[in-house]
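*Asks:* Just dropping this structure here.
What follows draws every value from the coordinates through simple rules; no lab data is involved. Bear in mind the structure is a predicted one, so any value in this text is a computation, not a measurement. FYI the Cβ positions are ideal-geometry reconstructions off the backbone, even for glycines, and counts take in every protein chain you see.
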């Protein structure tokens, strides 16, 4: 269990570190969110290499998304994605009803405005993982009531 | 309301600190747990201190026995989980997290020695 606390505390420090070292204009522009997302991207790329080194090739896009929801999420957050929805045209919505990085923050509306900062890294994580599996995408997150949150993945056809 | 609380807290801190050092000096043998609780004719004050200096204090009725494990649970399952791990709760300041307050409230209400009558 110690490693879970380590990742959580490190992630929290990372977010506050990025915001502290940013200048006034950057905070408003959302540059910090981009920085965090890029960090997550690089980590996601590396992680997916490690996790899939022994698995068979994926059949199709949906198979890859299911892998992300089950194995990938379990290894990083010790639980699976609770709900996966798709319109079969390249848009997937991953819903986590008890997102590990938000459970200690609040259950409801308090601190809602800060939630996006703590989701940026994970968005990048998903995007990086998908990128190394050959899928280019855009990942965004939204929270309406903590600790549940939704990650929206838009596949970009090249 | 802020003013009343701070004075009370300062007095309480001073009292607890003095009692703690008094207990350690008076103890004839090696002190294991140290100051656990004190009681007056009206109430009993239970005390739990962590190695990091966090102090958990609970005032109860006279009929309540040792509740060290309860105070420990408040520290480990509530304070550490919901305040220490919450990046938006700066340590050392009053806890603003509603989640912490509501969980603490329901935990205390669930205790066997809590009576809804007393409120």
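*Asks:* Restricting to DSSP H runs of at least four residues, report the calculated mean residue ellipticity at 222 nm for chain A, -39500 (n - 2.57) per run over all residues, nearest 500 deg cm²/dmol.
*Replies:* -14000 deg cm²/dmol
*Asks:* Based on alpha-carbon positions alone, could you give the equivalent ellipsoid semi-axes of the stretch A:2-153 from the gyration tensor, as √(5λ), descending, whole Å?
*Replies:* 25, 17, 16
*Asks:* Could you give the angle, 0 to 90 degrees to the nearest 10, between helix B:2-26's Cα long axis and the longest principal axis of the Cα atoms of chain B?
*Replies:* Around 40 degrees separate the two axes.
*Asks:* What distance in nm lies between label points placed 7 Å from Cα along the C-beta direction at residue B:23 and residue A:138?
*Replies:* For residue B:23 paired with residue A:138, the spin-label model returns 6.1 nm.
*Asks:* Using helices alone, I'd like the mean residue ellipticity at 222 nm for chain B: each DSSP H run of four-plus residues gives -39500 (n - 2.57), total over residue count, nearest 500.
*Replies:* Only helices count here, giving -12000 deg cm²/dmol.
*Asks:* While we're looking at this one, here's another question. For chain B, modelled as a GNM with alpha-carbon contacts under 10 angstrom, which of B:91, B:45, B:71 fluctuates the most?
*Replies:* Top of the fluctuation ranking is B:91.
*Asks:* Now a separate question. Under the definition of Cα pairs under 8 Å and six or more residues apart, what whole-number percent is the relative contact order of chain B?
*Replies:* RCO, chain B: 12 percent.
*Asks:* Continuing with the same structure: Angle between the Cα long axis of helix B:98-110 and the longest principal axis of chain B, 0 to 90 degrees, nearest 10?
*Replies:* Taking the Cα atoms of chain B, the angle to B:98-110 is about 50 degrees.
*Asks:* Between helix A:120-132 and chain A, what is the angle of the helix's C-alpha long axis to the longest principal axis, kept within 0 to 90° and rounded to the nearest 10?
*Replies:* Roughly 20 degrees, rounded to the nearest 10.
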